[in-house]
Structure formats: C-alpha cells, structure tokens
Amino acid sequence: MTCHELIEFLDRYVEETVSEEERREFDRHLAVCPACVAYVDGYRATIELTRTALAAPDDLVPGTVPEELVAAVLAARRKR
Ligand SMILES: [Zn+2]
C-alpha cells in the first residue's frame, strides 16, 4: 500500500466498505509510515467533529449564531 492508496482507503474506511485484508494492509502501512499516522489522526478528528455536528446540531450551534458567524467571516474577508 502506498500513501496515496492509504488516503483513498480512508474514505471507504469511513463508509465501512473495506475488507479485513484491506484493513490489515492499512495497519501495516501505518506501522511504517509516520506521515500517514499523522494524517489519519487529523482525519479521525475531522470525522468525529462531523459526526458530532450531524448527530446534535442544535446542541452545538445555538439557533442564530451560524448566519451571524458567516456574515462576520465574509465581512472580514472583504476587508482584506
Ligand atoms: Zn504513508
């Protein structure tokens, strides 16, 4: 497995469509490739955040904040 293959694998890993065999290759690659370990850590954190946000959007984001936040970000960008 190459680094590129590992990254493609991750997308399917999230969808849970990978085989045992592929999982073993994935683990083998991680054992020898610190760069991909770091990548996977970041990827997992992103997935956690996304899942949490999808599971409980109301808890995370109080009703009126998102639009104001978006407006503030857009306004800040326009100033540059
Ligand atoms: Zn790698």
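Brief remarks follow.
- Computed accessible area, L74, all protein chains, 1.4 angstrom probe, square angstrom: 80 Å²
- Segment R77-D11, extension gain: residue separation times 0.36 nm, minus the distance between their alpha carbons: 20.6 nm
- Prolate/oblate/rounded label for the stretch 1-53 (Cα gyration tensor, a/c 1.5): oblate
- FRET efficiency estimate (nearest 0.05) - Cβ-Cβ, E25 to V70, R0 41 angstrom: 0.50
The values are calculated or read from the model by the stated rules, or taken from the named source; none is laboratory data. Just so you know, these numbers come straight off a predicted model, no measurement behind them. Every residue, glycine among them, receives a Cβ derived from its backbone with ideal geometry; neighbour counts consider all protein chains shown. Each accessible area value is taken on the protein alone, full model and side chains, heavy atoms only, with ligands, DNA and RNA left out. Shrake-Rupley method; radii C 1.70, N 1.55, O 1.52, S 1.80 Å.
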